[in-house]
1. Quick one: pull the percentage of alpha-carbon pairs in the chain with a separation above 26 Å.
2. Cβ under 14 Å from residue 51's Cβ, residue 51 left aside: what net charge do those residues give with Lys, Arg +1 and Asp, Glu -1?
3. If you fit an axis through the alpha-carbon atoms of helix 105-114 and take the longest principal axis of the Cα set of the chain, what angle between them do you get, 0 to 90°, nearest 10?
4. Could you derive backbone 3J(HN,Hα) for region 116-121 from the dihedral phi with the Karplus parameters 6.51, -1.76 and 1.60 (θ = phi - 60°), listing whole Hz in sequence and x where the residue is Gly or Pro?
5. State, as an integer percentage, the relative contact order of the chain based on alpha-carbon contacts under 8 Å between residues 6 or more apart.
6. Averaged over every viewing direction, what's the projected area of the C-alpha convex hull for region 56-106? Give it in nm², one decimal, please.
7. For region 36-126, just list the percent of Cα-Cα distances falling in each 5 Å bin from zero outward, please.
8. Name the residue farthest towards the positive end of the dipole of the chain from the options 122, 70, 30, assuming +1 on Cβ of Lys and Arg, -1 on Cβ of Asp and Glu, about the Cα centre.
Amino acid sequence: MSGGEPRHPHATTEPMREMRQALHSLHIQTHGKGLVEITKDVSGWLREQKIATGLLTIFCRHTSASLLIQENADPDVRTDLESFFEEIAPEDRERYVHRTEGMDDMPAHIRSALLQTQLSMPVASGRMALGTWQGIYVFEHRRAPHRREIVLHLMGE
């Protein structure tokens with residue numbers, strides 16, 4: 001530290017380690033509309049990378065599914081979320097111009113646009129910095145089952 005610059009209270013003085021990156025795709029089978037928890041899949045891959053501190057990006061390569069971090073303890077939360085998105089973007093043949101891929105396609109795009117297709121989170125001590133009741137979910141917005149590709153990108157040391 002020089003010239004009386006204030007030190008950030010959370011700054012660390014650990015020696016710099018070599019920055020590394022890792023990339024992986026998860027293939028998640030959905031069962032139609034609903035939430036599929038992928039926390040264990042992501043955590044398992046993260047553990048194998050042996051990166052203690054960094055940033056994890058999780059990306060969904062689809063326009064009719066999304067990602068979210070949500071409570072993983074009470075299933076009523078997931079039920080209420082699914083009901084809310086059914087109300088906000090209902091399947092209504094007369095409501096949408098885009099109908100060539102089925103009645104559930106345009107509502108799926110709207111739901112995906114309202115949520116996220118990418119999540120970023122810190123990695124500390126080799127683990128995602130999730131809260132006690134938080135889980136990572138793929139939210140399938142189509143009626144039929146799909147195989148969804150989720151890309152994981154980790155940067156850290």
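1. On the way: 4690 of 12246 pairs.
Tail of the P(r) past 26 Å holds 38 percent of the pairs.
2. Details: positive: 17, 20, 47, 50, 127; negative: 18, 48, 157.
With Lys, Arg at +1 and Asp, Glu at -1, the net is +2.
3. With both axes taken from Cα atoms, the answer is about 30 degrees.
4. 10, 10, 9, 10, 10, 8
5. Working: 275 pairs, mean separation 77.9, N = 157.
Dividing the mean separation by the residue count of the chain yields 50 percent.
6. Numbers: hull surface 19.5 nm².
Dividing the Cα hull surface by four gives the mean projection, 4.9 nm².
7. 3, 11, 18, 19, 17, 12, 9, 6, 3, 2, 0
8. It is 122, whose Cα lies furthest towards the positive end.
None of the figures in this text is laboratory data; all of them are computed from the coordinates on show. Owing to the predicted nature of the structure, the values given are computational and were not obtained by experimental measurement. Glycine gets a Cβ as well: all are built from the backbone with ideal geometry, and neighbour counts include every protein chain shown.
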